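**Q** One structure coming up, written as structure tokens, with questions to follow.
The values are calculated or read from the model by the stated rules, or taken from the named source; none is laboratory data. Because the structure is a prediction, the values reported are computed rather than measured. Neighbour counts run over all protein chains shown; Cβ positions are idealised from the backbone, glycine included. These accessible areas exclude ligands, DNA and RNA; they are computed on the full protein's heavy atoms, side chains included. Shrake-Rupley method; radii C 1.70, N 1.55, O 1.52, S 1.80 Å.
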Amino acid sequence: MTSSDVEIHPAGHVAVIGAGPGGVAAAAWLGRDGFEPVVFEAADRLGGQWNAGQPKSGTWPGMRTNTSRVLSAFGDLDHAPGTPVYPTQAGMLAYLECYAAEKGISARIRTSTPVERLERHPAGGWLVTARTGGALKAERFEKVVVATGRQTRPHLPDVTGLAGFSGSGGVRHSMDYEGAAAYRGLSVLVTGCSISALEIASELAAGGAASVSVASRRQRYVLQKLLSGIPADHLALTRFAALAGPVTPPEMLAAGLKGFVVATSGSPEQFGAPPPDDNIFAAGLTQSQNYLPLVAEGRISPRSWIERIEGRTVRFTDGTSQEVDAIIMGTGYELSLPFLGRDIVEALELDRQHITLADHTFHPDLEGLAFIGLYDQVGPLLPVLELQARWVSYVWSGRIASLSRTELGERLAVSRAARNGPPQVLMHDMAVMFARRIGAEPDPRRWPELKRALAFGPLSPASFRLEGPDRLSDAPARIRAAAAAFGAITSNDLTHDEQARWALIEAAALPPVGEAA
């Protein structure tokens, strides 16, 4: 391909690779800040994971979110009235399509146009080569956002004999699960202890499978989705939790989290599952409303990990065995960005689990390139994606200053060090980090009438439109509504316990009022 074959875009045009929630948010905010986003989407419809009809989606028809409707949204568009507490896959897809239409970006999305190569252009900027209508087309952009998502390539662990499994229902990864109907009357083994693994096992147990077993390497604690009628993410993923984390000893954090989970959802051994490690950080945490009750009813059988498979017989590491008809591997995903040029891959130190970026977004040696949503996060994703999209747009438009090269280098060092820590990041930590970057993290002390809602209520998208750029006049009312939803926080009066905990945070984690955090 010669230089004359390359379409050169003006400086204000920005390529966005991926039209899932991250790409849609990026395009919307770039458009607000004067850019012309050009969105490349491999599927025939926007939505990313929520488009169950595309081959790289891990959702299935009828699937529900594991985060509440309040926190499964962007900052200036609530879900439609009548949306259930946990929206369906179809509901989330409809929401994203509504958002794209309202923000004027639907027409900017090139569907059925997979990007096959992203590399440096010799004259500067970035060369995006995509396939459209069966032909390749190369285009040069000064700026590119990569927002293809974290969960696009299934991870399949090495299991002796897996390839020779002879059950009638076969083996598939949870990414390819399409519902319980195909497993009626079958004996099914689900592997892994992720949210999707436990949700699939629960759906199978209620959907007519002859038997359901779940094999895992270790037993995790299981947090229910609804706690006394309140979504767990409204209680666990709060601004207080984000501020307390850095100033609390790890053993105290572990004890506090375990106490919260056991008090609200019980401990697995109480239901007949194996006892988890006493340290919740060592054991791990997952979420499911029905898994442990179904274990207690004998409709799901916990198993140790797989030692080997012989035909239909699965032999487990504890010496037991079981004949099954089907195996569903709920074993997670690997990071996959196959279209990146070699020098970009090397700069990012990219492997199947890690990518080296300053605060998950920028790299000092890749000017004009940004990444959104490539982290393995626990908790609601849309509010965090929107904050990250705002950061990229604000920096590139000059509305806020970018980090210096020295600062970016320091944040790269943090990213490298994190490779040796937990593989997942927490929603409240990510939200507060990005909000601080863009000057949109509210200080509850400046809002006495909202103090309890801001400190101990959900990290609602509206709470990041209260201060800083693009604040909204109705943000206070929407923050109150989010906090009061499901009867969680109906008064602004802090309880005695909340007063004591917040006093510790004010002393240890917050700067004087008016100074940057």
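**Q** Looking at (1) modelled with pLDDT of 95 or more; (2) touching a helix residue (DSSP H, G or I) at 6+ places or on another chain (Cβ under 6 Å); (3) small (Gly, Ala, Ser), find the lone condition where Gly167 falls short.
**A** (2)
**Q** OK, next. Take Arg110 and tell me if it is charged (D, E, K, R), in contact with a Phe, Trp or Tyr (Cβ under 6 Å, 6 or more places away or on another chain) and under 30 Å from His79 (Cβ atoms). Can you show your working first?
**A** Working: charged (D, E, K, R): yes; in contact with a Phe, Trp or Tyr (Cβ under 6 Å, 6 or more places away or on another chain): yes; under 30 Å from His79 (Cβ atoms): yes.
So Arg110 fits the description; yes.
**Q** List, please: which pairs have Cβ atoms under 7 Å, are six or more places apart or on different chains, and start with a residue in region 347-369 that is on the phi < 0 side of the Ramachandran plot and end with one that is of a type in the set (Lys, Arg)?
**A** Matching pairs, first to second residue: His354/Arg419; Thr356/Arg416; Ala358/Arg411; Pro364/Arg405.
**Q** OK, next. Might you let me know whether region 159-169 holds any residue that is among the β-branched types (Val, Ile, Thr) and under 25 Å from Tyr333 (Cα atoms)?
**A** yes
**Q** Please specify each residue of region 212-257 satisfying the condition of being assigned to a strand (DSSP E or B) and touching a helix residue (DSSP H, G or I) at 6+ places or on another chain (Cβ under 6 Å).
**A** Applying the first criterion (assigned to a strand (DSSP E or B)) to region 212-257 yields 212-215, 221-223, 226-227, 230-231, 238.
The answer is Val212, Val214, Tyr221, Val222, Leu223, Leu227, Ile230, Thr238.
**Q** Something else now. Count, please, the residues in region 258-290 that happen to be farther than 17 Å from Leu198 by Cβ and part of a helix (DSSP H, G or I).
**A** 7
**Q** Just the residues that are acidic (Asp, Glu) and open to solvent by 30 Å² or more (accessible area, probe 1.4 Å), please, taken from region 338-379.
**A** Answer for region 338-379, where residues must be acidic (Asp, Glu) and open to solvent by 30 Å² or more (accessible area, probe 1.4 Å): Asp343, Glu346, Glu349, Asp351, Asp365, Glu367, Asp376.
**Q** Identify, from the list Pro476, Pro469, the residue that is surrounded by fewer than 22 Cβ atoms within 10 Å (Cβ to Cβ), assigned to a loop (DSSP other than H, G, I, E, B) and not charged (D, E, K, R).
**A** Values: Pro476 fails: assigned to a loop (DSSP other than H, G, I, E, B).
That would be Pro469, the only listed residue that is surrounded by fewer than 22 Cβ atoms within 10 Å (Cβ to Cβ), assigned to a loop (DSSP other than H, G, I, E, B) and not charged (D, E, K, R).
**Q** Take region 194-210 and flag every residue that is under 19 Å from the mean Cα position of the chain (by Cα) and at pLDDT 95 or above.
**A** Correct list: Ala197, Leu198, Glu199, Ile200.
**Q** Scan Ala413, Ala485, Ala500, Ala481 and give me the residue that is surrounded by fewer than 17 Cβ atoms within 10 Å (Cβ to Cβ), touching a Ser or Thr at 6+ places or on another chain (Cβ under 9 Å) and assigned to a helix (DSSP H, G or I).
**A** Just one listed residue meets the conditions, Ala481.
**Q** Exactly one condition in (1) free of Cβ contacts under 8 Å to residues at least 40 places away in the same chain; (2) within 30 Å of Val295 (Cα to Cα) is not met by Tyr95; state its number.
**A** Of the numbered conditions (1) free of Cβ contacts under 8 Å to residues at least 40 places away in the same chain; (2) within 30 Å of Val295 (Cα to Cα), the odd one out for Tyr95 is (2).
**Q** Scan region 183-193 and tell me whether some residue there is assigned to a strand (DSSP E or B) and open to solvent by 40 Å² or more (accessible area, probe 1.4 Å).
**A** Within region 183-193 (the criterion being assigned to a strand (DSSP E or B) and open to solvent by 40 Å² or more (accessible area, probe 1.4 Å)), the answer is no, since none of the residues qualifies.
**Q** Of the conditions (1) without any contact (Cβ under 8 Å) to a residue 60 or more places away in the chain; (2) over 22 Å from the mean Cα position of the chain (by Cα), Arg299 fails just one. Which one is it?
**A** (1)
**Q** Just one of Arg411, Arg446 is among the basic types (Lys, Arg) and either closer than 16 Å to Thr238 by Cβ or within 24 Å of the chain's Cα centre (by Cα) (or both); which is it?
**A** Arg411
**Q** So, one more: Right, Phe456: open to solvent by less than 50 Å² (accessible area, probe 1.4 Å) and in contact (Cβ under 8 Å) with a residue 24 or more places away in the chain or not?
**A** Here the answer is yes, as Phe456 does meet what is asked.
Condition check ((1) open to solvent by 20 Å² or more (accessible area, probe 1.4 Å); (2) assigned to a strand (DSSP E or B)) across all residues:
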| position | (1), (2) |
| --- | --- |
| Pro10 | yes, no |
| Val14 | no, yes |
| Ala19 | no, no |
| Ala52 | yes, no |
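**Q** To continue, here is another question. Kindly indicate whether Ala462 is closer than 21 Å to Arg501 by Cα, in a helix (DSSP H, G or I) and open to solvent by less than 10 Å² (accessible area, probe 1.4 Å).
**A** For Ala462, the condition - closer than 21 Å to Arg501 by Cα, in a helix (DSSP H, G or I) and open to solvent by less than 10 Å² (accessible area, probe 1.4 Å) - is not met.
**Q** Answer yes if at least one residue in region 31-38 is open to solvent by less than 50 Å² (accessible area, probe 1.4 Å), acidic (Asp, Glu) and either modelled with pLDDT under 95 or in contact with a helix residue (DSSP H, G or I) (Cβ under 8 Å, 6 or more places away or on another chain) (or both), and no otherwise.
**A** yes
Each row is one residue, and each column tells you yes or no for (1) farther than 30 Å from Pro444 by Cα; (2) modelled with pLDDT under 95; (3) surrounded by fewer than 17 Cβ atoms within 10 Å (Cβ to Cβ).
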| residue | (1), (2), (3) |
| --- | --- |
| Val212 | yes, no, no |
| Ala244 | no, yes, no |
| Pro250 | no, yes, yes |
| Pro276 | yes, no, no |
| Ser304 | yes, no, yes |
| Arg308 | yes, no, yes |
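**Q** Separate question: Of the numbered conditions (1) within 23 Å of Ala19 (Cβ to Cβ); (2) open to solvent by 10 Å² or more (accessible area, probe 1.4 Å); (3) under 18 Å from the mean Cα position of the chain (by Cα), Ala418 satisfies every one except a single condition; which is it?
**A** Result: Ala418 passes all but (1).
**Q** To continue, here is another question. Does at least one position in region 205-218 carry a residue that is on the phi > 0 side of the Ramachandran plot and of a type outside the set (Phe, Trp, Tyr)?
**A** Yes, because at least one residue in region 205-218 is on the phi > 0 side of the Ramachandran plot and of a type outside the set (Phe, Trp, Tyr).
**Q** If we scan region 293-302, do we find a residue that is at pLDDT 95 or above, open to solvent by 20 Å² or more (accessible area, probe 1.4 Å), more than 21 Å from Asp233 (Cα to Cα) and part of a helix (DSSP H, G or I)?
**A** So far as region 293-302 goes, yes, one or more of its residues are at pLDDT 95 or above, open to solvent by 20 Å² or more (accessible area, probe 1.4 Å), more than 21 Å from Asp233 (Cα to Cα) and part of a helix (DSSP H, G or I).
**Q** Further, regarding this structure: Restricting attention to region 310-337, which residues are under 28 Å from the mean Cα position of the chain (by Cα) and surrounded by 16 or more Cβ atoms within 10 Å (Cβ to Cβ)? Step through it out loud before you land on a result.
**A** Let us first name the residues in region 310-337 that are under 28 Å from the mean Cα position of the chain (by Cα), namely 327-337.
Selection gives Ile327, Ile328, Met329, Gly330, Thr331, Gly332, Tyr333, Leu335, Ser336, Leu337.
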